[in-house]
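First the structure, in the form of structure tokens, and then the observations on it.
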Amino acid sequence: MVGDTAEAAAVRAAADRLQASARAVRDLARWSAVAGVVDWHSDAAARFRARLDEEVARLQAGASTVDGAAAALRAHARAVEEATG
Amino acid sequence: MTSTGPRGSRGDAIGGGIEVRGGVAGTAARLEDLARAGAVLRRLGEQVGEQARVVLAVLADPGFLASAPRALRTFLVAQAALREAAAGPHGLLPAAARLDALGCAVRAAAAGYRAAEGMAEIASRGVPWTVGYTLGRLGGAGVGATGLALLPALAVASGASGASAPGDPAPGCASRPLLRGGPGRAAAGVLGRHAAAVEVAAAAAPGALTGLLASLGLVPSGGPVADVPGLARTLSTAGALSPWLRESALVRVSTAGPGVDARAPAGLADLAARIATLAPDGAGRVCAPGASAGRARLRVERIEAAGGRRAWVVEIPGIRTWSPRAGSQPLDLTGAVHAMAGRPTAASEAVRGALRAAGARPGEPVLLAGHSEGGMAAALAAADPATRREFDITHVVTFGAPISGSDLPRGVQVLAVEHTDDVVPRLDGAADPDRPTWVTVSRDAGADPMPRGSRDPLAAAHSLAGYARTAAAVDVSTNPSVRAWRDGAAAFFPGPGARVHSVEVLAERARP
């Protein structure tokens, strides 16, 4: 059994915070999409909606990068445990 | 509140060139919603920034930093992933900044629209109103100013009733031209070339009246006369004090016969041509049997598509009587003034009566089409809650009608066809609204041939013959707003295979 350390616990806790952050960013992406539902018709409005769609997609991608960081932290926590075990 | 943007898409070159404003490709925004959306996006940007700070805090977390010597390789990988999540191309910090910038841009757009709307209001109404008021305050000059503002209406009376048609009016035609002979034609020509000035003069008229009354120590009840509908409301009160402009808004309606089977309208040009048959000279002067006996003649067409679904088209001709004393014929000056004021008229009530007489049922789509005052009656009927409760008025088409002040519900799809050199649609003193359910198509008809028997440019610009040419251009237009309008109105133009029954309806103003 791999032994636990204070450093590994701190890293795991940080990974948990990042996963919560990724969920929050996904929620914000959904809210951003809703903010675009506005009674506005024009060429500028069409450009705004296209730009907002891009931003929503980028936010989703941003949430994935945060998930990736959380996964990297968990892998690091495991490596720390292995090194101290 | 809806803002109108400065944008209007250039129309197609077909048919001499039309310009399209409004509709699905126009500019319209609910400014409060727009400003709120901008604020929401900025707040969301802030919240994304807070999540970025969570990521940055992990980068600086003492426990994380202390773990580096235990497993340096995975520490560096995790550190790189955290940097990527915070500030990389898909990172949260740039995303927060972009959302904030987008929110700022949307708020700026709302502010810009509001400013543009304010400037347009000042330019189109405020300045003319103030000039009119100043002239009105000068007393005698005010009388002149009011006269100046009313001159277009008099000229329209001339043009719309066939000012230079040779000879006396045909039997039964009540109106006589007001501007006759060379000077009248010259004045009509000047007005036709400078029709936009009529809109300014009309916008100045309420100020002139207010100033004139103020110079006499009188204050209109309800405060200053703000706009043309307000001016019309003031004028229409004359009916309570004198025999002039007394509108009963009561009408007797009867069918002129059992009706005939017909073919479906092929398009807007066909619709204009059909209205013209109710006004045989194509310029608003109705001399047809029935109408000449003091009744207006409308037509109701029942269109039955192959599946049995029914739709209705009501065709309404323009003004034919210019006497300020209301008679039995409802399409007259009294009806026009009350329609401009947004009050029910015998003509607008005739539309409801005509649909009842023809057998229209609730839930069956109705298109109202009118020329000049007929267009005003169509808009008024479509805006009337009682009529809408009884019939499903989905579309309104007007040719040369001043309807910008109409309180048309957003469920009604409007197509307003106007000529830039026609003074009649400018008498409302304001441009049509630019919104998704309202398409305004305009064309300069100055180069059109004169209607037969007329040498009057005002009559030519207002004639249904000219409007039929413009409508033909609309029928083939590829403009997105026009196409969307046509698609929405397909039930009224079903093509071969549909069964159509056409009935003419006679309408007579009743006394209370």
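The values are calculated or read from the model by the stated rules, or taken from the named source; none is laboratory data. Computed from a predicted model, the values in this text were never measured in an experiment. In this analysis, Cβ positions are derived from the backbone assuming ideal geometry, glycine residues included, and neighbour counts consider all displayed protein chains.
Of note:
- Counted residues, the range B:272-307 - those being modelled with pLDDT of 90 or more, surrounded by fewer than 23 Cβ atoms within 10 Å (Cβ to Cβ) and more than 17 Å from residue B:377 (Cβ to Cβ): 4
- Considering (1) within 21 Å of residue B:426 (Cβ to Cβ); (2) in contact (Cβ under 8 Å) with a residue 60 or more places away in the chain; (3) not aliphatic (A, V, I, L, M), the lone condition that residue B:317 does not fulfil carries the number (2).
- Screening the candidates B:196, B:201 for the property of being at pLDDT below 70 and closer than 25 Å to residue B:456 by Cα yields one hit, B:196.
- Those residues of the range A:38-85 which are more than 7 Å from every other protein chain (Cβ to nearest Cβ) and hydroxyl-bearing (Ser, Thr, Tyr), in sequence order: A:64
- Scanning the range B:371-391 for residues that are among the small types (Gly, Ala, Ser) and under 18 Å from residue B:334 (Cβ atoms) yields B:372, B:374, B:375, B:377, B:378, B:379, B:381.
- Candidates A:22, A:46, A:50 - the one that is in a helix (DSSP H, G or I) and within 23 Å of residue B:86 (Cβ to Cβ): A:22
- You will find that of A:74, A:30, the residue that is of a type in the set (Lys, Arg) and buried (at least 18 other Cβ atoms within 10 Å of the Cβ) is A:74 and no other.
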